Amino acid sequence: MKIARKSTVKCFIGDTIIGGESDISIQSMTNSTTGDVERTVAQCKEIFNEGADYVRIAVPSMNDIDAIREISRQLNGAGIYNPLIADIHFNPKIAEALTSVVDKIRINPGNFTNETDFLDKKYEKEEYEKSLEETRSRVKPLIENCLRHGTAIRIGINHGSLSQRIISKFGNSPEAMANSAIEWIAICESYDFTNLVLSLKASNVHFMLESYFHLEKLMEARGKHYPLHIGVTEAGNGLEGRAKSAAGIGALLLQGLGDTIRVSLTENPVNEIVFGKKIVAAVEDIQSDFYTIDENRTLFYTHHEPDREKFIAEVAAISSYEHYKRALNDLKIANRFLSTAEIENMEKIVLQAVGIKIFFAEFISCPSCSRTQFDIEKVTAHVKEKFSSFRGVKIGIMGCVVNGPGEMADAHYGIVGYGKDRAAVYKGKQAISKSLPMEEALQLLEKTILLEKKNFGGEF
C-alpha cells in the first residue's frame, strides 16, 4: 500500500518534486573529503546506483565550491542528473555562491546567525526582535540568489545547535525547534520565497517526534504545510542505529508526516539508502492484525518476516508509534525466522530505541562527512566494544565541532574530532581536554568513564 501522507506545498529540487503528491524520496550524504573529487564522484555514483533520489555533500570552505562544480560535471558526464544538495554551516557566502551550482542548499539556522555568545544569554523583547531582523538581513542575499537560480532551501534545524535567541524564549525544547522553523518560514515568505523543505533533527527519538508534531500543529494554524525531511540524527550503527532510525522515521510516516527521509548511520552511506527503503516498505506492510496491546500495555508483535532489518524496522516503527500514543510498558515479538536469542536481543534493542526500557549503553555517533578527519567507524566500534555493557551511560562519538558538542549535549561523555586524527574529550557539555592525538583521547575517555563506573549498571 502507498503511505497516506498529509498534503503539502511542492518543493522543486531540479526537475524533481518533494511534497505535493510525490512519492517519499530517500537521500544520503557523502562522507568522503569533498575536495577529493574522484572519491566523492565514485561515492555519489554508489549512492545513486542503490536508489537514492538525492545526495548531500558538505561544503566546509570556499575552496570546495570548484570541487562541487566538477563533481556535478562528472556525474552529468556519466549520465547521472539526480539533484545534488550542498550542506552549509557558518558561512553564508558559501551558500550564496553555490545557488547556481546545486539544486538545493541546506542551512542550519543555529549556525546562520551573528550570535557569538551562546551561553545562557537572555533576550529582552527589543533585543530579540533586533537579533531576528539581523538574521533576516543576513539570509536575504541567499534567498535572492535562490530565487534567481530556482534553487531550493532546506531549513535544517538541529537540536544541538539551536540559537540562544530561540532558546531564551522557548527553552531547549521541541517547542523551540518548531518555533525556530516557523520563524524561518516567515523570513523566507517575507521575500516571497516558498521553495522550502523543513527538518527538525534530534538524536533523542521522543524529542524528535514531539518537535515534528508541534511544527505540524503550527503549520496547520498558519494554513500552509511545507514538506518535511525526517530522520533521527546521529543514530549510530548496527541494529541499534537502525532501530532508532525506524522508531523516529517510521512513527512519523505512520502519522502521515514525512516527504523525504535520511537514515543517519555511522556506516557506508549506501547502507542508509538500503535501510531507508526498508523503513518505507515496513511502514507500507504493517497491518493491524500483526500486533495487539494487552491491559498491561505490553505490545505483542507477530510477523514472520525473513528480512531481519525490515522486521526490526516494522517493530521499531509500530512500537514507537504506539508508545507515543499510550506509553507502552513492554514488547514481545515472534518471528519463526529468528532464534530465541535473536528475539530477546531485538526486543531489548527496540525497547531502548523507543525509550521504554534501558539495557545497554547508548551511543550517539554521527555518520561522518567531509568535515570528519578521522576514521569514525573504527573509533565508534572501539568505544562500543569497551562500554556497551555500561547500562544507562550515553557516549557521543562526533566527527567535528560543527554540531558535535551540541548534538551530544545530553550525553554523559563524548569524543569530538578536532583536526586530522585528533579529538577532544567531553564530560557532559564541558570539554575536559584540548585537542589530543586520537589514541590519547580514547585513553582519556576510557579513564574518565571507568572512574565513574559505579554510576552505571552492567558488567565491567
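The values are calculated or read from the model by the stated rules, or taken from the named source; none is laboratory data. Remember, predicted model here, so these are calculated numbers, not experimental data. Positions of Cβ are generated from backbone atoms using ideal geometry, with glycine treated the same way; all protein chains shown enter the neighbour counts.
With LYS447, LYS434 as the choices, which residue is farther than 24 Å from ILE249 by Cα, touching a Phe, Trp or Tyr at 6+ places or on another chain (Cβ under 9 Å) and surrounded by fewer than 18 Cβ atoms within 10 Å (Cβ to Cβ)? Break it down into steps so the answer makes sense when it comes.
Working: LYS447 fails: touching a Phe, Trp or Tyr at 6+ places or on another chain (Cβ under 9 Å).
Result of the check over LYS447, LYS434: LYS434.
From the list ILE318, ILE312, the lone residue that is farther than 30 Å from ILE13 by Cα, in contact with a Lys or Arg (Cβ under 7 Å, 6 or more places away or on another chain), in contact (Cβ under 8 Å) with a residue 12 or more places away in the chain and not in a loop (DSSP other than H, G, I, E, B) is ILE312.
On the given criteria, is THR372 polar (S, T, N, Q), farther than 26 Å from ILE85 by Cα and touching a residue at least 24 places away in the same chain (Cβ under 8 Å)? No.
For the condition within 23 Å of ILE157 (Cα to Cα), part of a helix (DSSP H, G or I) and among the small types (Gly, Ala, Ser), what is the one hit in GLY396, GLY414, GLY406?
The conditions single out GLY406.
Residue selection: ASN76 satisfies the criterion of being without any contact (Cβ under 8 Å) to a residue 12 or more places away in the chain, in a helix (DSSP H, G or I) and not charged (D, E, K, R). Screening region 93-117 for residues that are modelled with pLDDT under 90 and surrounded by 15 or more Cβ atoms within 10 Å (Cβ to Cβ) and picking the one that is farthest from SER28 (Cα to Cα) gives GLU115.
Does ARG39 fit the bill of being part of a strand (DSSP E or B), under 24 Å from the mean Cα position of the chain (by Cα) and not polar (S, T, N, Q)?
In short, no.
If you go through region 55-73 and keep only what is crowded, with 17+ Cβ neighbours inside 10 Å, touching a helix residue (DSSP H, G or I) at 6+ places or on another chain (Cβ under 9 Å) and not in a helix (DSSP H, G or I), you end up with VAL55, ILE57, ALA58, VAL59, PRO60. For VAL263, state whether it is among the aliphatic types (A, V, I, L, M), part of a helix (DSSP H, G or I) and in contact with an Asp or Glu (Cβ under 6 Å, 6 or more places away or on another chain). The answer is no for VAL263. Could you tell me which residue of region 161-196 is surrounded by the most Cβ atoms within 10 Å (Cβ to Cβ), considering only residues that are touching a residue at least 12 places away in the same chain (Cβ under 8 Å), small (Gly, Ala, Ser) and part of a helix (DSSP H, G or I)? Among residues in region 161-196 that are touching a residue at least 12 places away in the same chain (Cβ under 8 Å), small (Gly, Ala, Ser) and part of a helix (DSSP H, G or I), the one surrounded by the most Cβ atoms within 10 Å (Cβ to Cβ) is ALA181.
Set side by side, the residues LEU299, LEU252, LEU265 differ, and just one is more than 16 Å from the chain's Cα centre (by Cα) and of a type in the set (A, V, I, L, M), which is LEU299. Can you tell me which residue is nearest to the chain's Cα centre (by Cα) among those in region 347-364 that are part of a helix (DSSP H, G or I) and among the β-branched types (Val, Ile, Thr)? Among residues in region 347-364 that are part of a helix (DSSP H, G or I) and among the β-branched types (Val, Ile, Thr), the one nearest to the chain's Cα centre (by Cα) is VAL354. Assigned by TED's automatic domain parsing to the domain that holds ASN195, over 19 Å from the mean Cα position of the chain (by Cα), surrounded by 22 or more Cβ atoms within 10 Å (Cβ to Cβ) and touching a residue at least 60 places away in the same chain (Cβ under 8 Å): does that describe THR34? Yes; evaluated as a whole, the condition is true for this residue.
Do we find that ALA327 is closer than 15 Å to VAL354 by Cα and either in the same structural domain as SER368 (by TED's automatic domain parsing) or surrounded by fewer than 20 Cβ atoms within 10 Å (Cβ to Cβ) (or both) in this structure?
So ALA327 passes the test.
Taken over region 1-35, the residue count meeting the criterion of being part of a loop (DSSP other than H, G, I, E, B) and of a type in the set (A, V, I, L, M, F, W, C) is 5.
Within region 197-209, the only residue that satisfies the criterion of being of a type in the set (Ser, Thr, Tyr) and in a loop (DSSP other than H, G, I, E, B) is SER203.
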